[in-house]
1. Take Ser431 and decide whether it is polar (S, T, N, Q), outside any helix (DSSP H, G or I) and free of Cβ contacts under 8 Å to residues at least 40 places away in the same chain.
2. Just to verify a result, which residue in region 159-207, among those that are in contact with a His (Cβ under 9 Å, 6 or more places away or on another chain) and open to solvent by less than 10 Å² (accessible area, probe 1.4 Å), is modelled with the lowest pLDDT?
3. Against the conditions (1) outside the structural domain of Arg415 (by the TED database); (2) modelled with pLDDT under 95, where does Asp366 fall short? Just the number, please.
4. In the list His308, His292, which residue meets the criterion of being of a type outside the set (Asp, Glu), in contact with a Phe, Trp or Tyr (Cβ under 9 Å, 6 or more places away or on another chain) and either farther than 24 Å from Gly467 by Cα or assigned by the TED database to the domain that holds Gly135 (or both)?
5. Identify, by number, the condition in (1) closer than 20 Å to Asp144 by Cα; (2) outside any strand (DSSP E or B) that Ser240 doesn't meet.
6. If you go through region 389-402 one residue at a time, do you hit one that is within 20 Å of Arg350 (Cα to Cα) and of a type outside the set (Gly, Ala, Ser)?
7. Which numbered condition trips up Arg380, out of (1) under 17 Å from Glu283 (Cα atoms); (2) crowded, with 20+ Cβ neighbours inside 10 Å; (3) among the charged types (D, E, K, R)?
8. Among the residues of region 15-45, what is the count of those that are closer than 19 Å to Pro87 by Cα and at pLDDT 95 or above?
Amino acid sequence: MIELSVAQIAEIVGGTLADITPEAAARTRVTGTVEFDSRNITPGGLFLALPGARADGHDHAAAAVAAGAVAVLAARPVGVPAIVVEPAPSGSRAGVLEHDTDGSGAAVLAALGKLAAAVAAELVANGLTIIGVTGSSGKTSTKDLLAAVLAPLGQVVAPPGSFNNELGHPWTVLRATEDTDYLILEMSARHPGNIAALATIAPPQIAVVLNVGTAHLGEFGSREAIAATKAELPQAVPASGVVVLNADDAAVAAMAAQTAARVVRVSRAGPADVWAGPVTLDELARARFTLHAGDTAVDVALGVHGDHQVSNALCAAAVALECGASTEQLATALAGAGPVSAHRMQVSTRADGVTVIDDAYNANPDSVRAGLQALAVIARQTGAPRRSFAVLGEMAELGEDAIAEHDRIGRLAVRLDVSRLVVVGMGRSMSAMHHGAVMEGSWGSESTMVADADAALALLRAELRPGDVVLVKASNAAGLGRLADALVAGDGA
């Protein structure tokens, strides 16, 4: 973050000082990072006191100051230097914090947003370029590719993992400093208006819309409602900015009429502003294609896995070209950009020849289909077909479509000739996945249901042989990340 005094921050967020005099607050400067976990505080930092599942950050304020924080942003005095903001009324509380029973979390989040907005405005005035990315799937992968292709052009700040909500978004903004050239922000939504609200904190000069799928369908009710919410991002870009749209998705392509900004279209299906020639996949499902941009073309070999990464790479390339990159720089950066964020299409081969596709962080119907297709490609690309295992957990937040969507995934696994479908969980959705596979033609034990991740790991330990390929995929709540970690490590398998 840019350096600010405690007094300046209090003025920005509309807070009052507690346990620090106005004179001391004017002298004391925040020179470190802003953190909501007291264990991550560094000297000169600012600590956010937020309620959590197991503890209230207000109870850790003294420990944060002892660790080097110069002040705490809080909803009540905490016995150490603090900027105190009023708890939000019950009818206006932000919904990102499940355990915000008294409005204290909403108050601190609102103050954090005000601070991030002030910092972003100052940095943009000094030359910072803000890039916003949204889509039903692929945001994190595209964010990582953007960081790779922009790195040769200047200093980049991007969120770790999927920091893309009312907490992670402003927290990421405050990682930027006077030396930052490009700030990449993921923008997610659980309700209409979420993306528009995030865009007011750090208005993007460049926006990327990847796709409109069925993630969070249970929250929004329809794909049309999801599209309308994703469109909040291009609507937020000024006429002087640029909107990159995946023209292969009709709902995204239609957003060209909803922005005042210049539109750059990308496509893997045919000519566009940035497009891909014929796509081939290597033995680890890494795409190869010719990237066309205007009158230039360059051969690209992606370092990330899965055919679905082509569209993500094209969107990242379009942004980098707008920022001044050459096609040669793009080809080099994309080739060197492997998976960065944990549990997202990380492909590794163990010493015994078992290949693990760890995509366990999140899941929706579109991303599961992409994972299964990558599994099928890897299993058949090297000479004799390899046995393939799909270890799938629940896809959350699908509402009344959950049963049908899980059924479709079970059937797809059979159509792709997956050797073994391991359905993790015994609820209605997972039963629908298993029965979908059976009805599509899976016989015997090709599809099996197990109670939890431990049972799935026990099954894999007993059945995996050298040369097999395993996909692990589920919504984060299913907790299959540790299963993937154990498989990659060869833990007992």
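1. Answer is no for this residue.
2. Top of the filtered list is Ala189.
3. Condition not satisfied by Asp366: (1).
4. None of the other options fit; the residue is His292.
5. All conditions are met except number (1).
6. yes
7. (2)
8. 5
The values are calculated or read from the model by the stated rules, or taken from the named source; none is laboratory data. Small disclaimer: the values here were computed from a predicted structure and weren't measured. In this analysis, Cβ positions are derived from the backbone assuming ideal geometry, glycine residues included, and neighbour counts consider all displayed protein chains. To get the accessible areas, we keep the full protein, side chains included, count just its heavy atoms, and leave off ligands, DNA and RNA. Shrake-Rupley method; radii C 1.70, N 1.55, O 1.52, S 1.80 Å.
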